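Every number here is computed from the coordinates shown, using simple stated rules; none is lab data. Note that the structure is a prediction, hence the values are computed from the model and not measured. When we count neighbours, we look across all protein chains shown, and the Cβ atoms used for this are built from the backbone with ideal geometry, even at glycine.
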Amino acid sequence: MKSIKTAGLIFANPFIAASGTFGYADSYLDFYHPDLLGGFVLKGISLEPRKGNPPMRIIETPSGMINAIGLENIGIERLIKDKIPFIETLHSVAIANLYAETKDDFIKLTEKINEIKRIDAIEINISCPNVKSGGMQFGVSPKMTEYLTKNIKKVSSKPVIVKLSPNVADIGEIAKAAEGAGADALSLINTISAMIIDTKTMLPALANVTGGLSGPAILPIAVRMVYQVYEAVSIPIIGGGGISSANDALQFVMAGASLVSIGTYNFISPASIPVIIKQFNNEVKKTDYSYSDLIGIAHRQHST
């Protein structure tokens with residue numbers, strides 16, 4: 001498969017390791033080299049280090065997992081000092097996932113990332129709480145999404161990818177708001193709000209009570225949302241949610257994703273993505289279509 005140009009960046013293949021599942025690009029070296037990927041998204045980073053939520057923070061479900069890690073991370077200064085030197089040795093597209101509680105902190109983070117030459121793009125986590133708005137999440141409001149994206153675009157020297165939350169009434173409206181504010185691409189979906197109750201203790205299983213559901217259980221929801229967003233916007237989409245096979249990935253492409261991201265399956269089968277890439281290339285060949293023609297083909301087939 002030829003390289004893919006998306007949001008002004010060149011990806012060797014359409015597969016990306018999702019944020020929060022790939023560490024800082026050095027976690028899977030015992031299984032494969034990061035340069036086998038089209039790109040990777042670093043673990044979410046904030047201005048200051050975060051300890052995250054207390055345990056329990058992760059619980060398995062019959063078809064995935066629920067996590068409430070609480071965005072634990074090493075902070076931007078340690079990222080620059082301890083992790084960027086290794087990332088500078090890589091050739092895959094490197095994307096930084098940014099987390100902040102206020103618009104001003106997002107701006108400060110973006111300006112810090114601007115200084116790191118080896119970071120190729122930023123992914124904005126707009127599912128985090130906006131403290132100045134009384135706990136409202138940026139990503140649940142089209143106006144707040146537009147406001148934040150527009151302000152980050154003003155200062156970013158790199159492509160801006162907005163990661164959308166599925167926990168909204170109309171993801172198409174949120175996507176339009178991000179596009180209208182200048183987003184270069186969209187990433188979807190983030191985890192779905194969920195919880196488990198321990199029937200022995202009669203308490204929520206997670207210390208945070210709720211967490212984010214990911215894994216195979218959410219794949220049909222994620223495919224539907226990518227399909228919906230593709231009809232709402234014209235900017236590229238990075239699709240993901242429950243992918244564990246080449247066929248899963250192909251569904252996202254046919255729904256409208258230019259690139260696909262794999263997250264939870266990295267925990268289940270750490271060496272899986274390079275294997276899935278090979279299988280995916282074979283599946284694409286079987287269709288007799290070029291990769292670019294397959295992007296969004298389900299829409300065109302449905303209309304004929």
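Listed values, structure above:
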item	result
Among the candidates 237, 243, residue that is under 17 Å from residue 39 (Cα atoms), surrounded by 24 or more Cβ atoms within 10 Å (Cβ to Cβ) and touching a residue at least 40 places away in the same chain (Cβ under 8 Å)	237
Residue within the stretch 53-60 that is touching a helix residue (DSSP H, G or I) at 6+ places or on another chain (Cβ under 9 Å), assigned to a loop (DSSP other than H, G, I, E, B) and aliphatic (A, V, I, L, M) present	no
The stretch 12-41 - residue that is aliphatic (A, V, I, L, M) and out of contact with any Asp or Glu (no Cβ under 9 Å at 6 or more places or on another chain) and, of those, surrounded by the fewest Cβ atoms within 10 Å (Cβ to Cβ)	29
Residue 2 being over 12 Å from residue 261 (Cα atoms) and surrounded by 22 or more Cβ atoms within 10 Å (Cβ to Cβ)	no
Of residues in the stretch 82-110 being outside any strand (DSSP E or B) and of a type in the set (A, V, I, L, M, F, W, C), the one surrounded by the fewest Cβ atoms within 10 Å (Cβ to Cβ)	86
Single match in 71, 79 (criterion: in contact (Cβ under 8 Å) with a residue 12 or more places away in the chain and in a loop (DSSP other than H, G, I, E, B))	71
Test: residue in the stretch 136-147 that is assigned to a loop (DSSP other than H, G, I, E, B) and on the phi < 0 side of the Ramachandran plot	yes
Residue satisfying condition, being on the phi > 0 side of the Ramachandran plot and under 14 Å from the mean Cα position of the chain (by Cα), within set 242, 212	242
